[in-house]
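Worksheet for the structure shown next.
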Amino acid sequence: MAKSSASDSLDIELLFYKPTPKRYTLNRGNVEIKGCLYTNSPDEIVAVEARLGKRAIPLQLTATALGYCRVEGSFSTKPGIKHVKIHVKFKSGETRQLTSLWVFQLSRKAHTLIENKPETDYQDWVDRMEQSVMETIFEKKTQLYPLPELNWVIQVNNKNLDALQCTLDSLFKLNSLSRIILLDSVGLFDERSALGDTRLICLKNPSVSSINTQLLGIKKGLICFLNQGDVVSDSLERALEKIDLTQSSLIYTDHDSVDVQGNRSDPEVKPAWNPDFLRSTPYIGRNYFITVEQFTALEGFKNYPSDLKHWDLQLRLSSSVKRNAILRLPGIYFHQYYSFDSSVQPKDVLAVITDFVKSENPDARAVHHEKLSGSFRIQYPLPESEDCPKVSLIIPTRDGVEVLKVCVDTILEKTNYPNYEVIILDNDSKESETVEYFDQITQKGCRIIPCPGKFNYAAINNRGVENAEGSYICLLNSDLEVIDGDWLNEMMAHAVRPSVGAVGAHLLYPDDRLQHAGVILGVGHVAAHAYRFLEPEGAVDPKRAKLVNNYTALTAACLLMRKAIFEEVGGFDAENLAITYNDVDLCIKIYESGYYNVYTPHATLYHHESATRGPEDTPEKKQRYLKEVEYMWKRWENILLDDPAYNPMLTRFKEDFTLTTPHEQKLYRNIPIFPNE
């Protein structure tokens, strides 16, 4: 038996402040490493070092009061590519390599540091991690609920008997199986010697009408939909038993794809109920449960081909039930068998969403997304130009006129929306250039409101809203730059919808990397930006960054809403959240009040992030920041731990929507606050 080492019992994870890819813009060939080391036994670790070829560079290791150690250091490099290994040393004399990095010289004065962890193969994740990850999600749910009867409907579109048998085998393992209805569109039933089970019912060459007749005759339970070849997870029933389904009209889960050999790929890990995402793309999919009562209330399917009838049913249901009636069960409980259906044409897909959108708003229009096949953009109408509501653009600032000038000038020069005002909230600007610029823009109709005293972002913006003449307010950072003249039209088209609370924009860094496409709760100390630092032509192609969808929170760097909603929820919390996370708190309050917060990728601006305020780098700032973090967790712990716009199957340590691991789950349970600087 191999002798175990002293380090084997330690849980260790080295994470960098920047998400993958890890980016560092540095001067003169110096590479700086900053990260955080999590471990259950920090006393056993004596050193961390970076190894560059034969060089070993000691890194500074500093314990903190938050349960982790800071790892920092820097070293010079030569032109070319260098491989860096990060090692940890133990008291026992042993060492362990934690990660590998590549250092690329992009120019004479800039380097990029990228973590070189190979992507975990999804099938490998399934084999080694899936069961543990899914069990952890429900480990605290000890109460069991009675299972309803499950009535399964299987669409049979080809004569692949083996694929159908795989589906049936997975269903016959279920204790709650009531009946199986085969929708045999190809005459496969004639080739079977016998169905052999009284729970099997076969509809030959079914029409939508005959399907509805059969399903509307079911008296109780849930109706569940599969295609021939789809496989149900063995753990589905155990998960359903831990959920109270009595208030749910529709239940859906995550899914992946499976081939004839049983190999799995392409996981689709979904947010909880997300109505704007469903309008943009049929993200729920064909595998879902609907109550008999709800299917009856909707009068069954409409006459759409193939899986499109499911999308239509989900859309119609979404406009007739409350938010909590649609339940997302996290976990990959369905494995979809791929089969191409040539009967479905792009015009058929467009017809489904067009019919639904027109039923809600006759003046709205659905168009194909220019880059994502099978996805759509809904163009909601604005009132006629003379009736457009007035929008107050509210911009706090203190000097930094070079940045402010870019923001205000591009607003005035490029914004096409016909009815807006610009309010500058001046927090003790002193520079003569700033005062001179204020005089210039005042002559163009901008208003300057003095907000003297210690900088309190929340209080300053609250004052701006109080002085706003518009019925809509748009909170803007002074370091924004307008690049698309229709940005405010697009945001207002969503903000005027009665169900919408706040609207957030698509923000880019000046080098076109992604800065904001929504906010994820529970990642970082409190929250983090979805897909931050994503390259414009990167390998990852995140659907949610390119489609209109709902997030629980959005950044106030560019945030639009009705003034009445801001006042309804009490505005910013200036007492407890003076500087950070006040926008997250505001958005959660709006969400909890029953509104949906909307992110749109069709309103794009540049964001020169924190160009005027600077980092949290003084003892006073750090103390204030930690108090704000603590307040957020005390007030919003439940929603921070389970963001409806995210999924517990996904990592809490990065912003890239990758699958989590058992090790990450363990770390997350044991560490109360996480660094994300």
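The values are calculated or read from the model by the stated rules, or taken from the named source; none is laboratory data. Source: prediction; values computed, not measured. In this analysis, Cβ positions are derived from the backbone assuming ideal geometry, glycine residues included, and neighbour counts consider all displayed protein chains. Please note that ligands, DNA and RNA were not included when accessible areas were found on the heavy atoms of the full protein model with its side chains. Shrake-Rupley method; radii C 1.70, N 1.55, O 1.52, S 1.80 Å.
What to note about this one:
- Heavy atoms of the protein chains alone define the surface here; on that basis the stretch 416-526 has 35 Å² accessible area per residue at 1.4 Å probe size.
- Reach of K270 by Cα under 17 Å, taken over aspartates and glutamates that are not fewer than 8 positions away in the same chain: E130, D254, D256, D541, D642, D643, E655, D656
- Given K405/K454; K140/K220; K89/K627; K622/K666; K141/K622; K242/K543, the pairs whose alpha carbons are separated by over 25 Å: K140/K220; K89/K627; K622/K666; K141/K622; K242/K543
- Across the stretch 573-583, rounded Karplus estimates of 3J(HN,Hα) from the backbone phi angles (6.51 cos²θ - 1.76 cosθ + 1.60, θ = phi - 60°) give 8, 6, 7, 9, 9, 5, 10, 10, 6, 5, 6 Hz, Gly and Pro being marked x.
- Per residue, the accessible area of the stretch 139-185 comes to 50 Å², computed with a 1.4 Å probe over protein heavy atoms only.
- The stretch 169-316: proportion of alpha-carbon pairs further apart than 27 angstrom, %: 24 percent
- Each residue was assigned an accessible area with a 1.4 Å probe, and for K85 the value is about 80 Å².
- For q = 0.19, 0.21, 0.22 Å⁻¹, Debye-computed log10 I/I(0) when each Cα of the stretch 309-440 counts as one equal scatterer: -1.15, -1.28, -1.34
- Here the accessible area of the stretch 285-424 is 48 percent carbon and sulfur, with a 1.4 angstrom probe and all protein chains present.
- Dividing the mean sequence gap of close Cα pairs (under 8 Å, 6+ apart) by how many residues the stretch 331-435 holds gives a relative contact order of 21 percent.
- Cα lying deepest toward the dipole's positive end in the stretch 201-317, options G285, N227, G300, charges on Cβ: G300
- Taking amide H atoms as placed 1.01 Å from N in the peptide plane, the amide H of C451 lies under 5 Å from those of D426, N427, D428, each 5 or more residues away in sequence or on another chain.
- Tensor-based shape of the stretch 117-240 (alpha-carbon gyration tensor, a/c under 1.5 rounded, otherwise prolate or oblate): oblate
- For the stretch 427-500: Kirkwood Rh in Å [reciprocal of mean 1/r, alpha carbons]: 14.8 Å
- Where trypsin sites (Lys or Arg not before Pro) fall in DSSP loop in the stretch 327-425, at most 11 other Cβ within 10 Å: K371
- Residue separation of E592 and E630 scaled by 0.36 nm, minus their Cα-Cα distance, works out to 11.7 nm of gained length.
- In straight-distance terms, cross-link reach from K159 covers every one of the lysines whose alpha-carbon lies under 19 Å from its own, apart from those fewer than eight places away in the same chain; here that gives K204.
- All distinct Cα pairs of the stretch 455-571 go into the 1/r average, and the inverse of that average, the Kirkwood radius, is 15.4 Å.
- Cα-based Rg of the stretch 371-479 normalised by 2.2 N^0.38 Å, two decimals: 1.23
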